[in-house]
Amino acid sequence: MAIVYGPVASWRLGRSLGIDLLNAKRKVCTFDCVYCQLGETSRFFVEPKEFISLDQLTSEFESFRPIDADYATFSGMGEPTLASNLGKAIELARSVLDLPIAVLTNSSLMFREDVRERLARADVVVAKLDAQSEELFSVVNRPASSLRFHTIVDGLRQFRNTYQGKLALQVMFVQANEGYAEGIAELARSISPDEVQINTPLRPSKVKPLLPENVANIRAKFSNLRNVVTVYEAPRREVRPLDLVETLRRRPGPKDYLV
């Protein structure tokens, strides 16, 4: 299977069936994050377009129903909001798979009304927030040159104000932004998410993960926010992927480390 992969054992979403509307050989993204498990961004994309047709997606869905999973999650080989047919794909996945729908996004295109409208169709949106200033944003997320941190944050706030589903903020902490946890927490409070997910790169990465005690200290700075969870605390479920090769392509690491 080329588009659908997993399920993977997600610490955030349980048994997560992945859907990759990009399905590229190399990463398709708006960022070049220092910690990315998919490697470097060789070419930035900032304008949504259709990569995979709905007919192709339907064909894969029809080949394996039903599936034991907790969520169908749009993620994969880069930033899923770069797929211009994301909204229609969400509706298709919901109708065929009969699963709640999640989207993992780096938040970069949330300043666009069309992107917010597509994301609004999902039951859960997990949005990235790794910085609290333009300077830190450029160090950790290394965005395409046209993207600005303040417009992304404004887009997150606009989305929060209208979205009827569950909005989670995921913060990936590495050494570069560990010392800015208090400022990131303050910014998170101004967005008022339903959940905050504190992460550190436990999958293969060019940067080392923070130790559990460091992550616990960071968690303490996110007080007065609802449902704060960390990657070290979350349980994981056993899963058996439909296609191990396609799953490992998007979740690099040992075969027993699909998290």
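Structure values in brief
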{"quantity": "Yes/no for Asp55 being assigned to a loop (DSSP other than H, G, I, E, B) and of a type in the set (D, E, K, R)", "calculated": "no"}
{"quantity": "Close pairs (6 angstrom Cβ cut-off, 6 or more residues apart or separate chains): within 20 Å of Ser108 (Cβ to Cβ) and free of Cβ contacts under 8 Å to residues at least 40 places away in the same chain in segment 43-60, surrounded by 14 or more Cβ atoms within 10 Å (Cβ to Cβ) and of a type in the set (Ser, Thr, Tyr) anywhere", "calculated": "Lys49/Ser84; Glu50/Ser84"}
{"quantity": "Strands (runs of 3 or more DSSP E) (entirely within segment 138-240) containing at least 3 residues that are within 15 Å of Lys128 (Cβ to Cβ)", "calculated": "166-172, 195-199"}
{"quantity": "Filtered residues of segment 94-120 (kept if of a type in the set (A, V, I, L, M, F, W, C) and farther than 18 Å from Gly78 by Cβ)", "calculated": "Val96, Leu97, Leu99, Ile101, Phe111, Ala120"}
{"quantity": "Considering residues of segment 71-119 that are under 21 Å from Val171 (Cβ atoms) and hydroxyl-bearing (Ser, Thr, Tyr) only, the residue nearest to the chain's Cα centre (by Cα)", "calculated": "Thr105"}
{"quantity": "Residue under evaluation Asp68, criteria (1) touching a strand residue (DSSP E or B) at 6+ places or on another chain (Cβ under 9 Å); (2) free of Cβ contacts under 8 Å to residues at least 60 places away in the same chain; (3) among the charged types (D, E, K, R); (4) over 24 Å from Ala144 (Cα atoms), criterion not met", "calculated": "(2)"}
{"quantity": "Boolean, Ala127 is in a loop (DSSP other than H, G, I, E, B), modelled with pLDDT of 95 or more and either crowded, with 21+ Cβ neighbours inside 10 Å or in contact with a Lys or Arg (Cβ under 8 Å, 6 or more places away or on another chain) (or both)", "calculated": "no"}
{"quantity": "Pairs with Cβ under 7 Å, 6+ apart, first in segment 83-95 and touching a residue at least 12 places away in the same chain (Cβ under 8 Å) and closer than 13 Å to Leu119 by Cβ, second part of a helix (DSSP H, G or I) and aromatic (Phe, Trp, Tyr)", "calculated": "none"}
{"quantity": "Failed item, numbered, when Val115 is tested on (1) surrounded by 22 or more Cβ atoms within 10 Å (Cβ to Cβ); (2) in contact with a Lys or Arg (Cβ under 9 Å, 6 or more places away or on another chain)", "calculated": "(2)"}
{"quantity": "Residue in segment 1-34 that is farthest from Phe173 (Cα to Cα), counting only those that are among the small types (Gly, Ala, Ser) and surrounded by 24 or more Cβ atoms within 10 Å (Cβ to Cβ)", "calculated": "Gly6"}
{"quantity": "All positions within segment 35-49 that are loosely packed, with under 13 Cβ neighbours inside 10 Å and part of a loop (DSSP other than H, G, I, E, B)", "calculated": "Ser42, Arg43, Glu47"}
{"quantity": "In segment 120-155, the residues that are hydrophobic (A, V, I, L, M, F, W, C) and within 14 Å of the chain's Cα centre (by Cα)", "calculated": "Ala122, Val124, Val125, Val126, Ala127, Leu129"}
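Yes/no matrix, rows are residues, columns are (1) small (Gly, Ala, Ser); (2) surrounded by 14 or more Cβ atoms within 10 Å (Cβ to Cβ); (3) under 20 Å from Thr105 (Cβ atoms); (4) at pLDDT 95 or above:
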position: Asn161; (1), (2), (3), (4): no, no, yes, yes
position: Phe173; (1), (2), (3), (4): no, yes, yes, yes
position: Lys221; (1), (2), (3), (4): no, yes, no, yes
position: Leu242; (1), (2), (3), (4): no, yes, no, no
position: Val245; (1), (2), (3), (4): no, no, no, no
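To keep it simple, each residue is scored yes or no on (1) surrounded by 15 or more Cβ atoms within 10 Å (Cβ to Cβ); (2) at pLDDT 95 or above; (3) of a type in the set (A, V, I, L, M).
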| site | (1), (2), (3) |
| --- | --- |
| Val153 | yes, yes, yes |
| Arg157 | no, yes, no |
| Leu169 | yes, yes, yes |
| Glu182 | no, yes, no |
| Ala185 | yes, yes, yes |
| Pro209 | yes, yes, no |
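The values are calculated or read from the model by the stated rules, or taken from the named source; none is laboratory data. All of these numbers come straight from a predicted model, not from anything done at the bench. Backbone-built Cβ (ideal geometry, glycine too); neighbour counts: all protein chains shown.
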